[in-house]
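Notes for the one structure printed next.
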Amino acid sequence: MLSKRSWIAPAVVGIALFGGLAACTQERGLHVPSDAKMMAEGGNKISYRAGSDGMVYIFDQTSDKLIYSGQVQKGQMVTLNRDESRITVDQAVVSEKTMATDHHYKIFFAADPTTVNKTTIERTETRMEKKNSD
């Protein structure tokens, strides 16, 4: 017969792991990649300007649902406006749907790994000539 100690410890560890997994899921949902970083959050109007090319994910934390995902280019502004029931990228509407007034929304961003470390090197040359003063 198993003693209480032999099954209590694994049960406690299992419950703790499951609770941690559930909390992680609630933070970003199953459809937001783990490498995506949260860039903005709020209830009414939230925005994020992309620092590089990549994917943006808008997550309704209250209902635990991904409500939008799409590619963005460096410098583009992504805005969720709950009162207008729309999501825009550089003021172009990309999604229109009713959004609950009591929900909490988050914008996540995952940079495109092929463009994150791009460096532009520009070479300039300056010549100075000595003028003869005759």
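How would you classify the range 31-73 from its alpha-carbon gyration tensor, with a ≥ b ≥ c the square roots of the eigenvalues: rounded for a/c under 1.5, else prolate if a/b is greater than b/c, otherwise oblate? Here the range 31-73 falls in the oblate category. A Förster distance of 25 Å, applied to the separation of the beta-carbon atoms of GLN61 and ASP112, puts the FRET efficiency at 0.50.
Every read-out reported here was derived from the displayed coordinates using simple, explicitly stated rules and does not represent laboratory data. The structure presented is a predicted model; accordingly, all values stated were derived computationally and were not measured. Every residue, glycine among them, receives a Cβ derived from its backbone with ideal geometry; neighbour counts consider all protein chains shown.
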